[in-house]
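Step one of this worksheet: look at the structure below.
The values are calculated or read from the model by the stated rules, or taken from the named source; none is laboratory data. None of these values were measured; they are calculated from a predicted model. Quick reminder, even Gly has a Cβ in these numbers, built from the backbone with ideal geometry, and neighbours come from all protein chains shown.
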Amino acid sequence: MLDILLARLQQGHRTIAYPSEEPTLPDRFRGLPVVNSSKCPDECRSCAEACPTDAIRIDDSGLRLDLGRCLFCTDCMEACPEEAIHYTTEYRLATRTRDHLVFDGRLLERAAALDETSRRLFGHSLKLRQVSAAGCNACEADLNVLSTVVFDLSRFGIQFVASPRHADGIVITGPVSENMRTALLATYAAVPAPKLVIAVGACAISGGPYRDNPEVHNGCGSLLPVDLFIPGCPPHPLTILDGLLRLLGRLEGQSQPDQPARRQNA
Amino acid sequence: MSNRTDFAAIRNGEAVPLGQVPEMPFTDFRRSIVDGVAAGQRISALFGDTSAGSDNVDLFAVLADSTQPALGVGRTRLDGDNFLSLTPDCIQAHLFERELAEQFGVHPDGHPWFKPVRFHSSYRLGHDAWGRRPGEVPIIGVTDYYRVEGEEIHEVAVGPVHAGVIEPGHFRFQCYGEQVFHLEISLGYQHRGAERTLVGGPHKRTIHTVETVAGDTSIGHATAYCQAVEALAGCDLPRRAEVLRGIALELERLANHSGDLGALAGDVGFLPTASFCGRLRGDFLNLTALICGSRFGRGLVRPGGVAFDVDATRAHLALERLEAAFRDVKNAAELLFNSASVQARFENTGTVSRETAIALGLVGPAARACGLPRDVRHEFPAGRFRFSRPPLATAPDGDVFARANVRWQEIQNSVSFIRDELAAISISDEALVAAAGPLQPNHLVVSLIEGWRGEVCHVALTDAHGRFSRYKIVDPSFHNWMGLAVALRDQQISDFPLCNKSFNLSYCGHDL
């Protein structure tokens, strides 16, 4: 017993101060990209061609990067002759609609809070059932980590539960393999209404690196109504936590959609 | 070895012209494998291929032998869609043959438990090992399961969706009260077509597919892939890149092994270590992120080298954090192993005998916990491990305690390895990437890496244009799932989570 107490003392208090303090991310972390179409040479499509998931569209209105497909791999950045794209350590990326993930470098409309009725229901107690539908265990691992002492998810009243019957919603990872379709839909059906659907990671949002393989459904969007999109491959735990807290309206000064730090042409 | 005279000897990460892979009649091919395994070799890969354009399926086999520096490769062309199953004479062929049947519609006659692996249609239209008509799609989980009969026998079916935040799979227990007579594991829910999509590559998505074959083994699989590509391209890896890859691979091991110790502690209700290790796993992941920005090492390992450098300042910072994390892991692990109640629960639980481990062809910590010296870093060292490697860690008893013990030894070994490597790189300014040109046409390469779960095996074949005509991935989980099933025999069903955690296998790595 004494050993345990001494060990407890050595291990120390490890829960991060977030959200009351801004977290620090690794300097090489790849978060929200900065896109500057004005640098693009005429007819240049290098980035779009290099992108492994075809996340980049270039048309008359410039370059748009679909964060729902983006693997944050920097293949586009390396292909660009003019440094028109680079990645920042901005980790706050979650949105409420699929369209909002299509990023033009100006404004990322981050997730707005649920309506008042839903917030009253879920705002202080949100139980989630996780379904991995062909996820590679990276998104799953960084969801799991939220329950460790570092993030201490339960201090926000959020918890992963064992049964969909006990849940207020499901968190989906993976591109949704055909072999998991039935189990995913059955799990969703088993959650009592009203219920939420949260898509975590490029695979769950768009199919990720498995997009258009006949074995998968390109994410859960065509099968279920998604309330929150959390992009990344995998998303950083803080990106997930930020998204969840935004959805519940639990972040200070969140009432208006946030503006990105380096916005242009507002 | 005399039993392997028919097979050609090649080294790990050595590309050879396809013509040098000896083609032999099926009976010789079968005998070489059966005799080789009987003499102590293991099957690293056994797979089909139709890229030669024949109406018949070619089979390739890769045999590994801990006592030999080279691997054995051979091939045969099947005569028709039936062949004599190897499994009755060589148990570890069982899942390879089921996979072969499912992918190519060939039938291993006499296979004792002939069932689908991933529940997908045959890749050869009109050839189906289960006699399904074209368009008749298999339904996941629908197969004949084993059933123990008797008045007081009951069946417990779990999954595909489990209670935790974990990948899906289906488990069926045949129980007599609390006692498990048999566990059958039926997977395939995670099948994404990963392997098939690599054919025709390398293309822009290839490395990203490989990094997500098993997301917790991104470094292991990416390194196996890059090693294969570099061999095919005749590219010499800069020494600095080799060192950084070695560090990244051991960091991946540290993170996962630490997490596993915590999870094992949690499953016996020993909460202090469960809580400490949950955090420490993240600290090791963050060390990988310090190097490349991604906690899982995404974007670090690239054909020809690595994409991120570690300068003296970063190496110093990494070393500091490594020591801090290790100090706390040591504290958490010692607490775990010195607790009598933990020992009582770990010892004699989920035991796999040495003989069973050999017969099933187990790899990685699960094999080393049965006293088998199977570790690619020692048996078939490539890259940095030719010059420097953590010592081999084994334990004799084959139970949960042994598997936990091997992990704890490996944590200590990897920390001391990384410590030395970080100190060595900080004074150099070598290149990070060597140009990896086009791949040699009509070649074969076998690339093995000791991932944290065990042997990661990639086999690449190129066509006349230097594109992949076949790409085979064998995740260590493919070998080891049967080990878990066997470990559960005569155990209490309530010990399933503990046994499962002690193997901690990949679903998506198996399902591909």
What are the pairs, 6+ residues apart or on separate chains, where a residue within the stretch B:303-320 that is more than 12 Å from every other protein chain (Cβ to nearest Cβ) and closer than 18 Å to B:Asp420 by Cβ has its Cβ under 7 Å from a residue that is crowded, with 16+ Cβ neighbours inside 10 Å and β-branched (Val, Ile, Thr)? B:Ala315/B:Ile425
Could you please let me know if A:Arg181 is surrounded by fewer than 21 Cβ atoms within 10 Å (Cβ to Cβ), of a type in the set (Lys, Arg) and either within 11 Å of another protein chain (Cβ to nearest Cβ) or closer than 30 Å to B:His203 by Cβ (or both)? yes
Residues of the stretch A:2-25 satisfying the condition of being on the phi < 0 side of the Ramachandran plot, within 14 Å of another protein chain (Cβ to nearest Cβ) and free of Cβ contacts under 8 Å to residues at least 24 places away in the same chain: A:Leu2, A:Asp3, A:Ile4, A:Leu5, A:Leu6, A:Ala7, A:Arg8, A:Leu9, A:Gln10, A:Gln11, A:His13, A:Thr24
Selected residue (criterion: surrounded by the fewest Cβ atoms within 10 Å (Cβ to Cβ)) from residues of the stretch B:29-70 that are farther than 23 Å from B:Asn82 by Cα and among the aliphatic types (A, V, I, L, M): B:Ala38
Matching strands (runs of 3 or more DSSP E) fully within the stretch B:134-219 where at least 1 residues are under 18 Å from B:Ser121 (Cβ atoms): B:179-186
Residues of the stretch B:386-416 being farther than 19 Å from B:Gly259 by Cα and charged (D, E, K, R), which ones? B:Arg386, B:Arg389, B:Asp397
Residue by residue through the stretch B:131-157, note down the ones that are within 14 Å of chain A (Cβ to nearest Cβ) and in contact (Cβ under 8 Å) with a residue 40 or more places away in the chain. B:Ile140, B:Gly141, B:Thr143
Just one listed residue, out of A:Cys80, A:Cys47, is modelled with pLDDT under 95 and touching a Ser or Thr at 6+ places or on another chain (Cβ under 7 Å), and it is A:Cys80
Return the residues of the stretch A:217-244 that are within 12 Å of chain B (Cβ to nearest Cβ), farther than 18 Å from A:Phe122 by Cα and aliphatic (A, V, I, L, M); say none if nothing qualifies. A:Leu238
Can you name the residue in the stretch A:32-55 that is within 12 Å of chain B (Cβ to nearest Cβ) and surrounded by 20 or more Cβ atoms within 10 Å (Cβ to Cβ) and, of all such residues, is nearest to A:His86 (Cα to Cα)? A:Cys47
Among A:Asp104, A:Asp142, A:Asp115, which is the only one that is surrounded by fewer than 21 Cβ atoms within 10 Å (Cβ to Cβ) and either hydroxyl-bearing (Ser, Thr, Tyr) or within 19 Å of the chain's Cα centre (by Cα) (or both)? A:Asp104
Of (1) within 8 Å of chain B (Cβ to nearest Cβ); (2) crowded, with 22+ Cβ neighbours inside 10 Å, A:Gly201 satisfies every one except (1)
Mind checking whether some residue in the stretch B:455-478 is at pLDDT 95 or above, more than 16 Å from B:Tyr225 (Cβ to Cβ), part of a helix (DSSP H, G or I) and outside the structural domain of B:Gly53 (by TED's automatic domain parsing)? yes
